[in-house]
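Participant: Supplied in structure tokens, the structure appears directly below.
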Amino acid sequence: MLSKTEAIVLKAIRYRETSKIVTLYTKKFGKLNVIAKGAMLTTSKFGASLEPMSYILAVLYKKETRELQFLSQADIIRPFLRLYSDHNKSAIGLSICEIVYKLIKFEEGNQRIFELLLNVLDKLNDAERNEINLLWYFIVHLLEEIGFKINFSRCALCGEKFTEENLPQRISFVVDKGGFLCSKCGVGVPEAKSYSIATFKSLLWIGRAKIENVTNLSNPGNINNEIKNLLFDYIKAHVEGTVELKLLEIYDKLK
Ligand SMILES: [Zn+2]
């Protein structure tokens, strides 16, 4: 069946002499592998449309019985040029693609994940400052979509609601429970890792902010480092294999 769908290119690898196998996150079908014949040729009709992070209109021949679909055409809908020219933005954008590639199963269509992915890449392209917040925003919302929402409102053990009064200076996060612990429960839980309350509050703010405002918050490097550790620990608990993200490059640069 011939299908047209919007898609974001997550990854492309060379296949045989002249072709590429491309992993797309499509609006209609979710994550798909497609083969783009002749894509390695300089005269290829695909041009630059199959670079990771490209936002394209894909035309594919889709058969239910086949794992690899055939890509017949791909046209860039809106180019995100700054994602390729700015080193920081590239690293963040590629990390986002890598997270989707590793966390999301094949062929489970979810239009909200598609919109989230597209919106974040679009805002990342335009961002003038604090673009790392878009990565945190993306991860928090993606985790929610796939059923691993982080609970910021109540203690993950006793259920007590967090208030300004009962928040400790350092707060423990338990990966298995996907949540934080109050000051009473936070004592003596060996698997819990503690984070500064500023990290907790920043991440909470980013998760609840509108995407348009998310880059307004400026965090010092140590807070971003803690947010990264917290989110990556949590992601790693839910993926098989290791997640080595391009993000590490950014942090070397920030230091
Ligand atoms: Zn508690």
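The values are calculated or read from the model by the stated rules, or taken from the named source; none is laboratory data. Model, not experiment: these values are computed from the prediction. In this analysis, Cβ positions are derived from the backbone assuming ideal geometry, glycine residues included, and neighbour counts consider all displayed protein chains.
Participant: Tell me which of these residue 144 doesn't satisfy, since it passes every other one: (1) closer than 19 Å to residue 226 by Cα; (2) outside any loop (DSSP other than H, G, I, E, B); (3) away from the ligand (no atom under 16 Å from the Cβ).
Facilitator: Condition not satisfied by residue 144: (1).
Participant: Go through the range 197-255 and give me each residue that's modelled with pLDDT of 95 or more, among the hydroxyl-bearing types (Ser, Thr, Tyr) and not in a helix (DSSP H, G or I).
Facilitator: The answer is 218, and nothing else.
Participant: When you check residue 138 against the structure, is it surrounded by 15 or more Cβ atoms within 10 Å (Cβ to Cβ), modelled with pLDDT of 95 or more, assigned by TED's automatic domain parsing to the domain that holds residue 95 and within 16 Å of the ligand (Cβ to nearest atom), yes or no?
Facilitator: No.
Participant: Now a separate question. Would you point out the residue of the range 212-222, among those that are buried (at least 17 other Cβ atoms within 10 Å of the Cβ) and in contact with a Leu (Cβ under 9 Å, 6 or more places away or on another chain), that is farthest from residue 166 (Cα to Cα)?
Facilitator: 215
Participant: Find the residue count for the range 40-87, including only residues that are in a loop (DSSP other than H, G, I, E, B), touching a residue at least 40 places away in the same chain (Cβ under 8 Å) and among the hydrophobic types (A, V, I, L, M, F, W, C).
Facilitator: Count: 5.
Participant: Mind checking whether some residue in the range 182-203 is more than 16 Å from the ligand (Cβ to nearest atom) and acidic (Asp, Glu)?
Facilitator: No, there is no match, as no residue in the range 182-203 is more than 16 Å from the ligand (Cβ to nearest atom) and acidic (Asp, Glu).
Participant: Same structure, new question: What are the residue pairs meeting all of these: first residue in the range 1-14, first residue hydrophobic (A, V, I, L, M, F, W, C), second residue loosely packed, with under 13 Cβ neighbours inside 10 Å, Cβ atoms under 9 Å, and 6 or more apart or on different chains?
Facilitator: 1/63; 1/64
Participant: Determine, yes or no, whether residue 161 is surrounded by fewer than 19 Cβ atoms within 10 Å (Cβ to Cβ), out of contact with any His (no Cβ under 8 Å at 6 or more places or on another chain) and touching a residue at least 60 places away in the same chain (Cβ under 8 Å).
Facilitator: no
Participant: Within the range 166-196, how many residues turn out to be surrounded by 17 or more Cβ atoms within 10 Å (Cβ to Cβ), assigned to a strand (DSSP E or B) and touching a residue at least 40 places away in the same chain (Cβ under 8 Å)?
Facilitator: Total satisfying the criteria: 1.
Participant: Can you tell which of 101, 84 is aromatic (Phe, Trp, Tyr) and out of contact with any helix residue (DSSP H, G or I) (no Cβ under 8 Å at 6 or more places or on another chain)?
Facilitator: Only one candidate passes the filter, namely 101.
Participant: So if I check each of 150, 171, which one is of a type in the set (Val, Ile, Thr) and either in contact with a strand residue (DSSP E or B) (Cβ under 6 Å, 6 or more places away or on another chain) or near the ligand (Cβ under 10 Å from one of its atoms) (or both)?
Facilitator: Checking each option against the conditions leaves just 171.
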